[in-house]
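Q: Sharing a structure below in structure tokens format, with a few things to ask.
FYI, it's all coordinate maths here, none of it is from the lab. Not measured: the values here are computed from a predicted model. Backbone-built Cβ (ideal geometry, glycine too); neighbour counts: all protein chains shown.
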Amino acid sequence: MVVVSDSSPLISLAAVKQLSLLADVFGPIMVPDTVWEEVTARGARRPGAAEVAGADWIKRHAVAESSVGTLLKQELDAGEAAPLALALQQEADVVLLDERRARKRATDLGLAVVGTLGVLLAAKRQGYLQALRPMLDGLRYEVGMWLSDMLYREILIQAGEAP
């Protein structure tokens, strides 16, 4: 399975000490150079920097210049455009994204999209997590990820942890 990730799932999962779930659920993950730099260099003091740099299952890739990549850079910031361009270049099965505009654009391009919550839900269903609620609370209160009450409840229901 070919999986490309944006920075937000890497940072969010690392912040709740669950980065390794990506490897458990998907195996090796590709990240474009811009995401690698954003997480490990520019984000050196943030959650995820050391974890991503030390994860041998996260593979850094250059993104080939293309007309699609150029168009994506006009619509999205470089950190969002590069994962989409790499996903197209590598014919990825899944692209990991949280930002709404990038998710919409990925879907428009025919890419399958999974976000941080989708990773956690898949990990719970596959038996890698015992409970999803502590992860959701960590994302909400420690990471600062905005989750509406309705989405929070819906994810818990899907995970079999109905409130």
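Q: Provide the gained length on full extension for the span ALA50 to ARG101, in nm with one decimal, where the gain is 0.36 nm per separating residue minus the Cα-Cα distance.
A: The span from ALA50 to ARG101 would gain 15.6 nm if fully extended.
Q: How far apart, in nanometres, would the label points at ALA131 and ALA41 be if each is projected 7 angstrom from Cα along the Cα-to-Cβ direction?
A: With each label placed 7 Å out from Cα toward Cβ, I get 4.2 nm.
Q: Additional query: What FRET efficiency comes out for SER20 versus LEU109 if R0 is 35 angstrom and r is the Cβ-Cβ distance? Round to the nearest 0.05.
A: 0.75
Q: Next question, about the same structure. Between the DSSP loop rule and a limit of at most 13 other Cβ atoms within 10 Å, which trypsin sites (Lys or Arg not before Pro) in the range 1-67 are left? Walk me through the numbers before you get to the answer.
A: On the way: sites: LYS17, ARG42, ARG45, LYS59, ARG60; in loops: LYS17, ARG42, ARG45.
For trypsin sites (Lys or Arg not before Pro) across the range 1-67 that sit outside H, G, I, E and B with at most 13 neighbouring Cβ atoms in 10 Å, the list reads LYS17, ARG42, ARG45.
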